[in-house]
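First the structure, in the form of structure tokens, and then the observations on it.
Please treat every number below as a calculation from the coordinates, not as lab data. Just so we're clear, the structure is a prediction, and the values are computed from it rather than from any experiment. In this analysis, Cβ positions are derived from the backbone assuming ideal geometry, glycine residues included, and neighbour counts consider all displayed protein chains.
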Amino acid sequence: MDINIDAIRAEVRTWLADNWDPNLTLVEWRTKLVDTGWGMPEWPEDYFGKDMPPVAVSAIAQEFAEAGAIGVMKSGPRMLAAVTLLAHGNDQQKRRFLRRILTGEDAWCQLFSEPGSGSDLAGSTTRADANGDDLANGNGWKVNGQKVWTTSAHHADYGILLARTDWDVPKHQGLSFFVIDMHQPGVEVRQLRQMNGHASFNEVFFTDAVVPGHFQVGELGQGWQTAMTTLAYERRAVAGNRDAKEDKGRNGTIYGEYREEQAIANEPYTWYPQRAGRVDLVVERARETGKISDPAIRQEIAKLLTMHQSTQWFAGRLSELQKAGKARGPEGSITKLAASNVARLASDVHTAITGIDAMLTGDQSPHDGVIAEILVSVPAVSIAGGTDEIQRNIIAERLLGLPKEPRFDTGPFKDVRRN
């Protein structure tokens with residue numbers, strides 16, 4: 001299909017000139033975006049999009065930025081839910097949930113990880129038991145169990161839930177995928193305090209929580225395949241909405257609401273730059289401390305910057321392949337593993353540069369505690385989104401074609417040893 005980018009840009013500019021009004025509320029403006037498809041132009045026309053290719057989407061985003069126009073809500077677990085529902089949900093689910101995700105009216109969380117199964121997501125033991133014979137008429141499921149490391153669960157309206165519906169088949173075949181209402185009596189959310197002082201994550205307890213039959217996503221027992229769509233998107237680390245600070249100084253109802261919304265949405269992620277190692281601060285710190293003249297430290301800095309730039313180039317290459325229409329596959333595990341290696345090396349370099357002062361917090365801490373926060377935050381990058389060990393297995397088995405690890409968890413899941 002031939003795409004006239006100049007014509008698309010002109011159409012967007014005309015539409016924005018006729019419709020963009022910073023004195024609208026966020027929901028009023030985003031409703032216009034959803035109804036016309038300009039909010040998610042890459043999505044199908046039947047579901048709030050325009051079926052446009054990535055090159056056109058990029059041009060549209062540039063026109064929105066030039067006009068200072070706010071986009072639809074894309075940050076955090078909302079988009080994990082959205083892309084999964086778009087791929088696997090039925091027509092009723094897409095029309096019910098996608099609109100309010102994009103307008104920002106509903107907040108979401110991802111209910112996957114469990115305390116008893118660690119990186120073995122398929123070993124989930126949270127159970128969904130049929131609550132009545134006729135699921136189609138809404139009798140649905142009762143959910144019991146526990147999830148953990150759930151970002152934003154404390155202010156989520158809905159969650160995407162992976163739960164076990166069949167214990168008599170192998171573990172990957174007994175899982176199903178659901179949408180669950182987080183505001184019901186059977187759901188208890190408790191925030192977890194991390195060693196870096198933040199409380200981004202939650203543990204969630206289910207006690208006879210109810211899921212209507214029409215909130216089941218995809219086929220019964222196909223939850224693992226559905227969850228892989230969610231995880232593939234998560235590992236891409238796709239950027240969400242523009243940072244709210246870009247809109248500082250702008251006047252209008254919509255900008256005030258947007259800044260407030262982004263402050264809430266981004267709060268769980270304020271420590272993520274430190275989790276990634278803050279490579280951008282390394283040379284600055286070396287100069288501040290005089291360690292820039294130390295040949296051994298210079299060597300480590302050079303190694304870190306080389307590794308970081310190589311990772312950025314590889315990630316860029318994957319991004320270009322995606323723009324060319326190639327589906328994102330297991331290659332994302334390479335960038336995920338590389339990011340862990342970069343973060344750990346950055347933490348080591350920061351420690352070598354700063355010395356024992358790297359352990360200080362408070363007023364006496366270098367860079368107002370940022371260096372100390374790096375040291376205690378970096379371990380998380382090797383766990384979040386699939387551990388380093390999981391990424392190595394994916395790379396070995398799915399990219400290099402190496403033999404799979406011996407397994408001891410085959411057969412009916414009820415007979416598999418756990419914990």
Notebook entry, point to check: What number, in nm² with one decimal, is the all-direction average of the projected area of the convex hull of the alpha-carbon atoms of the chain?
Noted result: 23.8
Notebook entry, point to check: Relative contact order, percent, of the chain when contacts are C-alpha pairs under 8 Å separated by at least 6 residues?
Noted result: 14
Item checked: Amide H within-cut-off set for Phe201, under 5 Å, with H built and near neighbours excluded -> Leu192
Notebook entry, point to check: If all Cα-Cα distances of the range 329-404 are sorted into 5 Å bins from 0 onward, what percent lands in each bin, rounded to whole numbers?
Noted result: 3, 16, 21, 16, 13, 11, 8, 6, 4, 2, 0
Check: Which value results for Rg/Rh of the range 1-141 when Rg is the Cα radius of gyration and Rh the Kirkwood radius based on the inverse mean 1/r?
Finding: 1.08
Next item on the list: Tell me what the chain gives for mean residue ellipticity at 222 nm when only DSSP H runs of n ≥ 4 count, each as -39,500 (n - 2.57), the sum divided by the residue total, rounded to 500 deg cm²/dmol.
Entry: -13000 deg cm²/dmol
Item checked: Lys/Arg +1, Asp/Glu -1 at C-beta; the chain dipole; positive extreme among Ser293, Ala69, Pro330 -> Ser293
Next item on the list: May I ask you to compute the full-extension gain from Asp120 to Tyr269, defined as 0.36 nm times their residue separation minus their alpha-carbon distance, rounded to one decimal in nm?
Entry: 51.2 nm
Next item on the list: Pop the C-beta distance of Arg13 and Ala199 into the FRET formula with R0 = 56 Å and round what comes out to the nearest 0.05.
Entry: 0.85
Margin query: Let me check against my output: what whole-number percent is the relative contact order of the range 106-236, with C-alpha pairs under 8 Å and at least 6 apart?
Written below: 28
Note to self: I'd like the distance separating the alpha-carbon centroids of the range 266-284 and the range 146-194, in whole Å.
What the structure shows: 29
Next item on the list: Using a Gaussian network model of the chain whose springs link C-alpha atoms within less than 10 Å, name the residue from Glu203, Glu288, Glu114 with the highest mean-square fluctuation.
Entry: Glu288
Next item on the list: Quote the charge dipole size of the range 106-236 about the Cα centre in Debye, to the nearest 20; the model charges only the Cβ of Lys and Arg (+1) and of Asp and Glu (-1).
Entry: 500
Note to self: Expected output is a single nm value to one decimal: the length gained when fully extending between Asp46 and Val283, i.e. 0.36 nm times separation in residues minus the C-alpha distance. What is it?
What the structure shows: 80.3 nm
Margin query: Once you order the gyration tensor axes a ≥ b ≥ c over the Cα atoms, which shape class does the range 70-118 get: rounded for a/c under 1.5, otherwise prolate or oblate by comparing a/b with b/c?
Written below: oblate
Check: If each Cα of the range 285-394 is one equal point scatterer, what is log10 of I(q)/I(0) from the Debye formula at q = 0.11, 0.13, 0.21 Å⁻¹?
Finding: -0.45, -0.60, -1.10
Checklist line | Proximal aspartates and glutamates to Lys303, defined as alpha-carbon separation beneath 18 angstrom and excluding residues fewer than eight positions away on the same chain | finding: Asp280, Glu284, Asp294, Asp348
Next item on the list: Restrict the search to the range 163-195; then list the trypsin sites (Lys or Arg not before Pro) that DSSP places in a loop and that have at most 10 other Cβ atoms within 10 Å of their Cβ.
Entry: Arg193
Margin query: For the chain, give me the percentage of DSSP beta bridges that are antiparallel, rounded to the nearest 5 percent.
Written below: 85
Check: Taking neighbour Cβ counts within 10 Å as the exposure measure, how do Tyr255, Tyr272 sort from fewest upward?
Finding: Tyr272, Tyr255
Notebook entry, point to check: Tell me, what is the FRET efficiency for Arg418 and Ala65 to the nearest 0.05, using R0 = 41 angstrom and their Cβ-Cβ distance as r?
Noted result: 0.25
Note to self: Using the Cα centre of the chain as the reference point, and only Cβ charges (+1 on K/R, -1 on D/E), how large is the resulting charge dipole? Debye, rounded to the nearest 20.
What the structure shows: 920
Next item on the list: Specify the residue with the greatest mean-square fluctuation among Ala343, Ala209, Ala396, computed from a Gaussian network of the chain linking alpha-carbon atoms under 10 Å apart.
Entry: Ala396
Checklist line | Reduced Cα scattering model of the range 172-240, Debye log10 I(q)/I(0), q = 0.15, 0.24, 0.25 Å⁻¹ | finding: -0.74, -1.09, -1.08
Next item on the list: Work from the charge dipole of the chain (Cβ charges, +1 for Lys and Arg, -1 for Asp and Glu, about the Cα centre) and give the residue of His154, Gln222, Phe48 farthest towards its positive end.
Entry: Gln222
Check: Past the 28 Å Cα-Cα mark, which pairs from Lys32/Lys147; Lys32/Lys94; Lys291/Lys336?
Finding: Lys32/Lys147; Lys291/Lys336
Notebook entry, point to check: In whole Å, how far is the Cα centre of the range 211-227 from that of the range 14-85?
Noted result: 28
